[in-house]
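Trainee: Dumping the structure here so I can ask a few things about it.
The values are calculated or read from the model by the stated rules, or taken from the named source; none is laboratory data. Given the structure is predicted, the values throughout are model-derived calculations rather than measurements. Here the Cβ is made from the backbone with ideal geometry for all residues, glycine too, and neighbour counts use every protein chain on show. These accessible areas exclude ligands, DNA and RNA; they are computed on the full protein's heavy atoms, side chains included. Shrake-Rupley method; radii C 1.70, N 1.55, O 1.52, S 1.80 Å.
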Amino acid sequence: CRLQDGEHVWIRLTESSDWIPGVVSGKAVRTSATREGQGTLYAVRYNRTKREYFAPQNGELKPDIPEIRELLVAGGGWIQD
């Protein structure tokens with residue numbers, strides 16, 4: 001999964017099971033330990049003013065594409081369509 005600056009994504013915060021929309025913010029990525037070993041962290045802007053790093057390898061970041069959106073809606077109502 002290679003995300004680009006400005007790309008719309010879904011993120012899951014550690015204190016919630018819901019997915020919220022965000023936007024990849026910046027071209028720089030970080031490499032850090034994830035649940036699957038070394039992984040890529042992307043800066044994501046959400047809730048207008050917040051910005052944090054998220055890793056797809058940790059299951060906390062997904063691209064906003066029709067297939068993912070469909071899974072999140074059908075998979076338990078994690079997002080509102």
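Trainee: Report, to the nearest whole %, how much of the accessible area of region 9-60 belongs to carbon and sulfur atoms, 1.4 Å probe, protein only.
Mentor: In region 9-60, the share of accessible area belonging to carbon and sulfur is 43 percent.
Trainee: Taking the Cβ of F54 as the center, what net charge do the other residues with Cβ under 12 Å away carry, scoring Lys and Arg +1 and Asp and Glu -1?
Mentor: Around F54, the charge tally is +4.
Trainee: Determine the principal axes of the Cα atoms in the chain, then give the extent along each, sorted from largest to smallest and rounded to whole angstroms.
Mentor: Dimensions of the chain along the principal axes of its Cα atoms: 32, 28, 24 Å.
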